[in-house]
Amino acid sequence: MRDWHHGLVLILLLAESAGAQRRAMQPEDLFRIERIGATSISPDGSRIAVEIHRPGRWLGSGIPTAKLAIVDVASGALRVISPSTPAYVGFFGARWSPTGGRLLFLSVDTNAVVRPWLWSAGASGPVLLGGLQLRDASADPPIVMWSDPHHAIFMVKEPSRPDDGPLYTRILRARRGADEWRVAREGRRAAVAVIDSRSPDTAAAAARIVSVDLRTRAVTTLAQGALHRPMLSADGKTLTYRRENPGILAAPVASFFGPEAEGEGAYDPVNWGGEVHHVDSRTGTPAPPPDAARAVPPSGPRPALRAVNDSTGSVLWLSRPGKPDTVV
(Lines give C-alpha, C1' and ligand atoms only; values in the text may rest on other atoms or scores of the structure.)
Protein backbone atom coordinates (compact mmCIF):
# COMPACT_ATOMS: atom_id res chain seq x y z
CA MET A 1 0.00 0.00 0.00
CA ARG A 2 1.25 3.40 -0.86
CA ASP A 3 0.07 6.84 0.08
CA TRP A 4 1.63 10.23 -0.49
CA HIS A 5 3.68 9.99 2.70
CA HIS A 6 6.45 7.63 1.65
CA GLY A 7 8.38 8.17 4.86
CA LEU A 8 12.01 7.51 5.53
CA VAL A 9 14.12 4.55 4.50
CA LEU A 10 17.10 4.94 6.77
CA ILE A 11 19.17 2.78 9.07
CA LEU A 12 18.51 3.45 12.75
CA LEU A 13 21.19 2.20 15.14
CA LEU A 14 20.01 2.49 18.71
CA ALA A 15 22.73 3.18 21.26
CA GLU A 16 22.26 1.69 24.71
CA SER A 17 22.69 5.13 26.23
CA ALA A 18 23.53 8.61 25.06
CA GLY A 19 26.80 8.45 26.94
CA ALA A 20 27.97 5.13 25.51
CA GLN A 21 31.65 5.08 24.59
CA ARG A 22 32.72 4.48 21.03
CA ARG A 23 33.97 0.98 20.19
CA ALA A 24 34.44 -1.30 17.22
CA MET A 25 31.24 -2.85 15.89
CA GLN A 26 30.78 -6.53 16.77
CA PRO A 27 28.79 -9.14 14.78
CA GLU A 28 26.04 -9.19 17.41
CA ASP A 29 25.56 -5.45 16.88
CA LEU A 30 23.96 -6.25 13.53
CA PHE A 31 21.00 -7.72 15.41
CA ARG A 32 20.45 -4.43 17.23
CA ILE A 33 20.11 -2.36 14.06
CA GLU A 34 16.63 -1.06 13.32
CA ARG A 35 15.44 0.73 10.19
CA ILE A 36 12.80 3.41 9.88
CA GLY A 37 10.34 2.45 7.16
CA ALA A 38 7.11 3.96 5.86
CA THR A 39 5.44 6.81 7.72
CA SER A 40 1.89 8.10 7.37
CA ILE A 41 0.54 11.39 8.74
CA SER A 42 -3.09 11.53 9.85
CA PRO A 43 -5.33 13.86 7.81
CA ASP A 44 -5.60 16.31 10.72
CA GLY A 45 -1.81 16.29 11.21
CA SER A 46 -2.05 15.28 14.86
CA ARG A 47 -0.37 11.87 14.63
CA ILE A 48 2.23 10.04 12.55
CA ALA A 49 2.31 6.26 12.12
CA VAL A 50 5.84 4.93 11.63
CA GLU A 51 7.24 1.48 10.83
CA ILE A 52 10.37 0.51 12.79
CA HIS A 53 11.89 -2.52 11.11
CA ARG A 54 13.55 -4.98 13.44
CA PRO A 55 16.38 -7.37 12.59
CA GLY A 56 15.19 -10.90 11.94
CA ARG A 57 16.07 -14.19 10.33
CA TRP A 58 15.24 -12.97 6.81
CA LEU A 59 17.52 -10.94 4.58
CA GLY A 60 16.26 -8.23 2.26
CA SER A 61 13.14 -6.08 2.44
CA GLY A 62 10.58 -8.47 0.95
CA ILE A 63 9.20 -9.53 4.33
CA PRO A 64 7.66 -6.89 6.66
CA THR A 65 9.46 -7.24 10.00
CA ALA A 66 8.42 -3.89 11.47
CA LYS A 67 6.76 -2.96 14.68
CA LEU A 68 4.29 -0.11 14.32
CA ALA A 69 4.41 3.04 16.43
CA ILE A 70 2.45 6.29 16.60
CA VAL A 71 4.03 9.67 17.28
CA ASP A 72 1.79 12.25 18.95
CA VAL A 73 2.71 15.50 17.19
CA ALA A 74 1.66 17.79 20.05
CA SER A 75 3.72 16.07 22.75
CA GLY A 76 6.40 14.42 20.61
CA ALA A 77 5.81 11.10 22.40
CA LEU A 78 6.29 7.82 20.52
CA ARG A 79 4.19 4.79 21.44
CA VAL A 80 4.47 1.31 19.93
CA ILE A 81 0.96 -0.01 19.28
CA SER A 82 1.61 -3.34 17.55
CA PRO A 83 1.55 -6.54 19.65
CA SER A 84 4.98 -7.85 20.65
CA THR A 85 4.17 -11.58 20.62
CA PRO A 86 6.60 -13.76 18.61
CA ALA A 87 3.65 -15.19 16.66
CA TYR A 88 3.85 -12.16 14.34
CA VAL A 89 6.64 -11.57 11.85
CA GLY A 90 5.77 -7.89 11.45
CA PHE A 91 3.24 -5.15 10.79
CA PHE A 92 2.74 -2.91 7.76
CA GLY A 93 0.28 -1.05 5.54
CA ALA A 94 -0.93 1.62 8.00
CA ARG A 95 -3.80 3.75 6.72
CA TRP A 96 -5.52 6.56 8.64
CA SER A 97 -9.28 7.08 8.68
CA PRO A 98 -10.58 10.19 6.88
CA THR A 99 -11.01 11.96 10.23
CA GLY A 100 -7.66 10.82 11.62
CA GLY A 101 -8.91 9.24 14.84
CA ARG A 102 -8.42 5.61 13.81
CA LEU A 103 -5.76 3.58 12.04
CA LEU A 104 -5.99 0.36 10.07
CA PHE A 105 -2.88 -1.75 9.63
CA LEU A 106 -1.90 -5.31 8.71
CA SER A 107 0.02 -8.12 10.38
CA VAL A 108 1.72 -11.17 8.93
CA ASP A 109 2.34 -14.11 11.24
CA THR A 110 4.79 -17.00 11.19
CA ASN A 111 2.38 -18.99 9.00
CA ALA A 112 2.32 -16.12 6.46
CA VAL A 113 -1.32 -15.26 7.24
CA VAL A 114 -2.14 -11.56 6.73
CA ARG A 115 -4.85 -10.06 8.95
CA PRO A 116 -6.20 -6.52 9.58
CA TRP A 117 -6.09 -4.56 12.85
CA LEU A 118 -7.87 -1.42 14.03
CA TRP A 119 -6.39 1.15 16.43
CA SER A 120 -8.55 3.92 17.87
CA ALA A 121 -7.45 7.05 19.71
CA GLY A 122 -8.02 6.63 23.43
CA ALA A 123 -8.10 2.82 23.29
CA SER A 124 -5.68 0.70 25.30
CA GLY A 125 -4.46 -1.08 22.18
CA PRO A 126 -5.39 -2.26 18.68
CA VAL A 127 -8.13 -4.79 17.96
CA LEU A 128 -7.79 -7.70 15.54
CA LEU A 129 -10.60 -7.79 12.96
CA GLY A 130 -11.28 -11.50 13.23
CA GLY A 131 -12.48 -13.77 10.45
CA LEU A 132 -10.61 -11.95 7.68
CA GLN A 133 -7.50 -13.26 5.91
CA LEU A 134 -6.27 -10.85 3.27
CA ARG A 135 -5.29 -12.10 -0.16
CA ASP A 136 -1.62 -11.78 -1.11
CA ALA A 137 -0.63 -12.05 -4.77
CA SER A 138 2.18 -10.82 -6.99
CA ALA A 139 -0.05 -8.28 -8.74
CA ASP A 140 -2.28 -7.63 -5.73
CA PRO A 141 -0.40 -7.07 -2.47
CA PRO A 142 -2.54 -6.82 0.68
CA ILE A 143 -4.11 -3.39 1.12
CA VAL A 144 -6.72 -1.66 3.27
CA MET A 145 -8.97 1.21 2.19
CA TRP A 146 -11.38 3.55 4.00
CA SER A 147 -14.62 4.26 2.11
CA ASP A 148 -15.80 6.55 4.93
CA PRO A 149 -14.95 7.06 8.65
CA HIS A 150 -16.86 3.89 9.64
CA HIS A 151 -16.28 1.43 6.78
CA ALA A 152 -13.15 -0.33 5.52
CA ILE A 153 -12.64 -2.32 2.33
CA PHE A 154 -10.42 -5.38 2.01
CA MET A 155 -9.71 -7.99 -0.64
CA VAL A 156 -9.78 -11.27 1.27
CA LYS A 157 -8.77 -14.82 0.48
CA GLU A 158 -11.45 -17.41 -0.14
CA PRO A 159 -11.30 -20.00 2.69
CA SER A 160 -11.48 -22.87 0.20
CA ARG A 161 -8.33 -21.75 -1.62
CA PRO A 162 -4.88 -22.95 -0.47
CA ASP A 163 -2.50 -20.46 1.07
CA ASP A 164 -0.08 -18.96 -1.43
CA GLY A 165 1.42 -15.66 -2.51
CA PRO A 166 4.78 -13.87 -2.24
CA LEU A 167 4.75 -13.59 1.56
CA TYR A 168 3.82 -17.25 1.93
CA THR A 169 6.74 -18.26 -0.29
CA ARG A 170 9.29 -15.96 1.34
CA ILE A 171 8.39 -16.76 4.94
CA LEU A 172 7.87 -20.51 4.64
CA ARG A 173 10.16 -21.63 1.81
CA ALA A 174 13.10 -22.35 4.14
CA ARG A 175 10.91 -24.36 6.51
CA ARG A 176 9.18 -26.23 3.67
CA GLY A 177 12.45 -26.84 1.87
CA ALA A 178 14.08 -28.27 4.99
CA ASP A 179 11.12 -30.56 5.65
CA GLU A 180 11.03 -31.84 2.06
CA TRP A 181 14.80 -32.42 2.04
CA ARG A 182 14.56 -34.41 5.29
CA VAL A 183 11.77 -36.61 3.85
CA ALA A 184 13.78 -37.28 0.70
CA ARG A 185 16.94 -38.15 2.66
CA GLU A 186 15.14 -40.48 5.08
CA GLY A 187 13.72 -42.53 2.21
CA ARG A 188 10.70 -43.67 4.22
CA ARG A 189 8.12 -41.87 2.08
CA ALA A 190 7.97 -40.96 -1.57
CA ALA A 191 9.32 -37.49 -2.28
CA VAL A 192 7.53 -36.16 -5.35
CA ALA A 193 7.84 -32.79 -7.06
CA VAL A 194 4.76 -31.73 -9.04
CA ILE A 195 4.62 -28.88 -11.56
CA ASP A 196 1.11 -27.87 -12.61
CA SER A 197 1.16 -26.65 -16.21
CA ARG A 198 -1.47 -24.30 -17.61
CA SER A 199 -4.47 -25.58 -19.54
CA PRO A 200 -7.94 -24.37 -20.54
CA ASP A 201 -9.18 -25.89 -17.27
CA THR A 202 -6.73 -23.99 -15.06
CA ALA A 203 -8.71 -22.34 -12.27
CA ALA A 204 -8.55 -18.58 -11.98
CA ALA A 205 -7.47 -16.92 -8.77
CA ALA A 206 -10.48 -16.46 -6.48
CA ALA A 207 -10.98 -13.64 -4.01
CA ARG A 208 -13.67 -11.53 -2.38
CA ILE A 209 -13.82 -7.77 -1.93
CA VAL A 210 -15.66 -6.95 1.29
CA SER A 211 -16.80 -3.86 3.16
CA VAL A 212 -16.59 -4.04 6.95
CA ASP A 213 -18.71 -1.85 9.22
CA LEU A 214 -16.19 -1.09 11.96
CA ARG A 215 -18.96 -0.24 14.44
CA THR A 216 -20.85 -3.54 14.18
CA ARG A 217 -18.20 -5.73 12.44
CA ALA A 218 -20.81 -6.64 9.81
CA VAL A 219 -19.18 -7.86 6.58
CA THR A 220 -20.75 -7.16 3.17
CA THR A 221 -19.42 -8.92 0.07
CA LEU A 222 -19.09 -6.38 -2.75
CA ALA A 223 -17.68 -8.72 -5.42
CA GLN A 224 -16.45 -12.29 -5.72
CA GLY A 225 -14.38 -14.20 -8.26
CA ALA A 226 -11.12 -13.68 -10.14
CA LEU A 227 -10.76 -10.07 -9.01
CA HIS A 228 -7.82 -7.68 -9.13
CA ARG A 229 -6.71 -4.13 -8.42
CA PRO A 230 -9.52 -2.70 -6.25
CA MET A 231 -9.45 1.11 -6.10
CA LEU A 232 -11.68 3.70 -4.45
CA SER A 233 -12.80 6.97 -5.97
CA ALA A 234 -11.64 10.20 -4.35
CA ASP A 235 -14.92 10.53 -2.44
CA GLY A 236 -14.86 6.87 -1.37
CA LYS A 237 -18.30 6.15 -2.82
CA THR A 238 -17.33 4.08 -5.87
CA LEU A 239 -15.18 0.95 -5.94
CA THR A 240 -13.48 0.02 -9.22
CA TYR A 241 -11.91 -3.39 -9.83
CA ARG A 242 -10.85 -5.64 -12.71
CA ARG A 243 -12.07 -9.18 -13.35
CA GLU A 244 -10.52 -12.03 -15.35
CA ASN A 245 -12.81 -13.21 -18.15
CA PRO A 246 -11.55 -15.62 -19.32
CA GLY A 247 -9.07 -16.50 -16.63
CA ILE A 248 -5.63 -15.07 -17.34
CA LEU A 249 -3.88 -18.44 -16.97
CA ALA A 250 -6.27 -20.18 -19.35
CA ALA A 251 -6.72 -17.41 -21.94
CA PRO A 252 -5.03 -17.84 -25.35
CA VAL A 253 -1.97 -15.63 -25.63
CA ALA A 254 -3.32 -14.12 -28.86
CA SER A 255 -6.28 -12.67 -26.94
CA PHE A 256 -3.95 -10.15 -25.28
CA PHE A 257 -2.68 -8.71 -28.57
CA GLY A 258 -5.71 -7.05 -30.13
CA PRO A 259 -5.69 -3.59 -31.75
CA GLU A 260 -6.31 -1.98 -28.35
CA ALA A 261 -3.04 -3.38 -26.93
CA GLU A 262 -1.08 -0.15 -27.09
CA GLY A 263 0.99 1.77 -24.54
CA GLU A 264 0.79 1.09 -20.82
CA GLY A 265 -2.81 -0.07 -21.12
CA ALA A 266 -1.64 -3.18 -22.97
CA TYR A 267 -0.33 -4.60 -19.70
CA ASP A 268 -3.59 -4.28 -17.76
CA PRO A 269 -5.43 -7.31 -19.23
CA VAL A 270 -2.35 -9.49 -18.74
CA ASN A 271 -1.85 -8.43 -15.13
CA TRP A 272 -5.40 -7.89 -13.88
CA GLY A 273 -7.95 -9.12 -16.42
CA GLY A 274 -9.92 -7.49 -19.21
CA GLU A 275 -13.18 -6.51 -17.49
CA VAL A 276 -13.51 -3.25 -15.54
CA HIS A 277 -16.36 -2.93 -13.03
CA HIS A 278 -17.64 -0.03 -10.93
CA VAL A 279 -19.83 -0.66 -7.86
CA ASP A 280 -21.17 1.18 -4.85
CA SER A 281 -18.56 0.85 -2.08
CA ARG A 282 -21.20 0.12 0.56
CA THR A 283 -23.56 -2.26 -1.22
CA GLY A 284 -21.75 -3.67 -4.28
CA THR A 285 -24.51 -2.61 -6.68
CA PRO A 286 -23.33 -1.43 -10.13
CA ALA A 287 -22.44 2.24 -10.31
CA PRO A 288 -21.36 4.67 -13.05
CA PRO A 289 -17.63 5.27 -13.53
CA PRO A 290 -16.31 7.73 -10.94
CA ASP A 291 -14.90 11.13 -11.71
CA ALA A 292 -11.21 10.94 -12.60
CA ALA A 293 -10.28 13.51 -9.93
CA ARG A 294 -7.80 12.34 -7.31
CA ALA A 295 -7.69 13.13 -3.63
CA VAL A 296 -5.69 16.29 -3.00
CA PRO A 297 -3.24 16.12 -0.07
CA PRO A 298 -3.48 18.88 2.54
CA SER A 299 -1.51 21.99 1.67
CA GLY A 300 0.75 24.05 3.90
CA PRO A 301 3.46 23.03 6.38
CA ARG A 302 3.13 19.50 7.77
CA PRO A 303 4.91 17.61 10.55
CA ALA A 304 7.67 15.23 9.50
CA LEU A 305 10.02 12.61 10.94
CA ARG A 306 13.71 12.16 10.15
CA ALA A 307 16.51 9.95 11.44
CA VAL A 308 19.83 11.60 12.34
CA ASN A 309 23.03 9.58 12.75
CA ASP A 310 26.04 10.65 14.81
CA SER A 311 28.89 9.10 16.81
CA THR A 312 26.57 8.05 19.65
CA GLY A 313 24.06 6.26 17.44
CA SER A 314 20.90 7.46 15.74
CA VAL A 315 17.85 9.33 16.93
CA LEU A 316 14.43 10.06 15.47
CA TRP A 317 13.56 13.75 15.23
CA LEU A 318 10.12 15.31 14.90
CA SER A 319 9.75 18.54 12.94
CA ARG A 320 6.61 20.62 13.54
CA PRO A 321 5.51 23.90 11.97
CA GLY A 322 6.25 26.82 14.28
CA LYS A 323 8.03 24.69 16.91
CA PRO A 324 11.63 23.63 17.45
CA ASP A 325 12.62 20.13 16.37
CA THR A 326 12.48 17.55 19.14
CA VAL A 327 13.68 13.98 19.70
CA VAL A 328 10.95 11.35 19.98
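Return yes when Ile36 is at pLDDT below 90 and aliphatic (A, V, I, L, M) and no when it is not.
Yes: the conditions hold for Ile36.
Return the pairs, sorted by first residue and then second, in which the second residue is part of a loop (DSSP other than H, G, I, E, B) and of a type in the set (Asp, Glu), the first residue lies in the range 160-171 and is over 12 Å from Thr110 (Cβ atoms), the beta carbons are less than 6 Å apart, and the residues are 6+ apart or on different chains.
From residues that are over 12 Å from Thr110 (Cβ atoms), the pairs are Gly165/Asp136.
How many residues are among the aliphatic types (A, V, I, L, M), assigned to a loop (DSSP other than H, G, I, E, B) and within 14 Å of Val144 (Cα to Cα) when one looks only at the range 98-129?
Final tally of qualifying residues: 1.
How many of the residues making up the range 87-114 are farther than 17 Å from Glu51 by Cβ and in contact with a Ser or Thr (Cβ under 7 Å, 6 or more places away or on another chain)?
Looking only at that region, the number is 4.
Residues to consider are Asp109, Asp136; find the one that is among the acidic types (Asp, Glu) and either in contact with a helix residue (DSSP H, G or I) (Cβ under 7 Å, 6 or more places away or on another chain) or more than 15 Å from Pro64 (Cα to Cα) (or both).
Asp136
Taking Gly93, is it small (Gly, Ala, Ser) and touching a strand residue (DSSP E or B) at 6+ places or on another chain (Cβ under 9 Å)?
yes
Restricting to the range 292-328, give me the number of residues that are modelled with pLDDT of 80 or more, surrounded by 13 or more Cβ atoms within 10 Å (Cβ to Cβ), outside any loop (DSSP other than H, G, I, E, B) and aliphatic (A, V, I, L, M).
Of the residues in that region, 4 qualify.
Output the residues belonging to the range 117-128 that are at pLDDT 95 or above and within 17 Å of Thr85 (Cβ to Cβ).
Hits for the range 117-128 are Trp117, Trp119, Pro126, Val127, Leu128.
Return the residues of the range 63-97 that are within 14 Å of Ser46 (Cα to Cα), in a loop (DSSP other than H, G, I, E, B) and within 19 Å of the chain's Cα centre (by Cα); say none if nothing qualifies.
The answer is Ser97, and nothing else.
Quick test for you: out of Asp136, Asp148, pick the one residue that is crowded, with 21+ Cβ neighbours inside 10 Å and within 30 Å of Thr238 (Cα to Cα).
Asp136
Being touching a Gly at 6+ places or on another chain (Cβ under 7 Å) and not assigned by TED's automatic domain parsing to the domain that holds Arg217, is that true of even one residue in the range 142-149?
Taking every residue of the range 142-149 in turn, none turns out to be touching a Gly at 6+ places or on another chain (Cβ under 7 Å) and not assigned by TED's automatic domain parsing to the domain that holds Arg217.
At pLDDT 85 or above and over 27 Å from Asp72 (Cβ atoms): does that describe Val156?
yes
Check whether at least one residue in the range 6-19 is modelled with pLDDT of 75 or more, acidic (Asp, Glu), in a loop (DSSP other than H, G, I, E, B) and out of contact with any Leu (no Cβ under 6 Å at 6 or more places or on another chain), and report yes or no.
No, the range 6-19 contains no residue that is modelled with pLDDT of 75 or more, acidic (Asp, Glu), in a loop (DSSP other than H, G, I, E, B) and out of contact with any Leu (no Cβ under 6 Å at 6 or more places or on another chain).
What about Ser107, is it assigned by TED's automatic domain parsing to the domain that holds Ala207 and either more than 27 Å from Asp72 (Cβ to Cβ) or modelled with pLDDT of 95 or more (or both)?
no
The values are calculated or read from the model by the stated rules, or taken from the named source; none is laboratory data. All values derive from a computational prediction rather than experimental measurement. Every residue, glycine as well, gets a Cβ built from its backbone with ideal geometry; the counts of neighbours run over all protein chains shown.
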